[in-house]
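These notes concern the structure reproduced below.
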Amino acid sequence: MRQLALGCPRACIAEVRLDARLGNAEQTFALKIYKVKHGEYPAELSQLLPDILPELPKDPYTGEEYCYHKVAEGFVIYSLGQNLQDDGGVSHEKKKWKGDYDIVWKSYR
């Protein structure tokens, strides 16, 4: 995907970024449903299968599962983004954005 992203016009890069955000959103809703059913967030995304999701969305940048961490306040789920590096869930809101940091969704409830 890195080669594709480097060779894409801006619209293509924006589409991949949107796909990553949609995957984050889909899994966030599934995680919220899991919490309602079980009283807490799962330790791993695979626990959403098959009751809540038929399959896990893949990170459009890597083709692998999204990064997910259960934290005391809730959870963090993210795509590695265009640089294909795990920046620990640091998004462009925390760093000067150049389009290559993690695409992050955090929940504190």
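No value in this document is a laboratory result; all are computed from the given coordinates. A quick note: this is a predicted structure, and the numbers were derived from the prediction, not measured. No Cβ is skipped: glycine too gets one built from the backbone with ideal geometry, and neighbour counts run over all protein chains shown.
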For this session: Filter the stretch 67-92 for residues that are under 12 Å from the mean Cα position of the chain (by Cα) and touching a residue at least 60 places away in the same chain (Cβ under 8 Å) and give the result.
Result: Gly81
For this session: Report whether or not Ala43 is under 13 Å from Lys106 (Cα atoms) and loosely packed, with under 14 Cβ neighbours inside 10 Å.
Result: no
For this session: State whether one or more residues within the stretch 48-61 are aromatic (Phe, Trp, Tyr) and closer than 21 Å to Ser107 by Cβ.
Result: no
For this session: May I ask you to list the residues in the stretch 47-69 that are under 22 Å from Leu84 (Cβ atoms), surrounded by 11 or more Cβ atoms within 10 Å (Cβ to Cβ) and either of a type outside the set (Lys, Arg) or in contact with an Asp or Glu (Cβ under 6 Å, 6 or more places away or on another chain) (or both)?
Result: Leu56, Pro57, Asp59, Pro60, Tyr61, Thr62, Glu64, Glu65, Tyr66, Cys67, Tyr68, His69
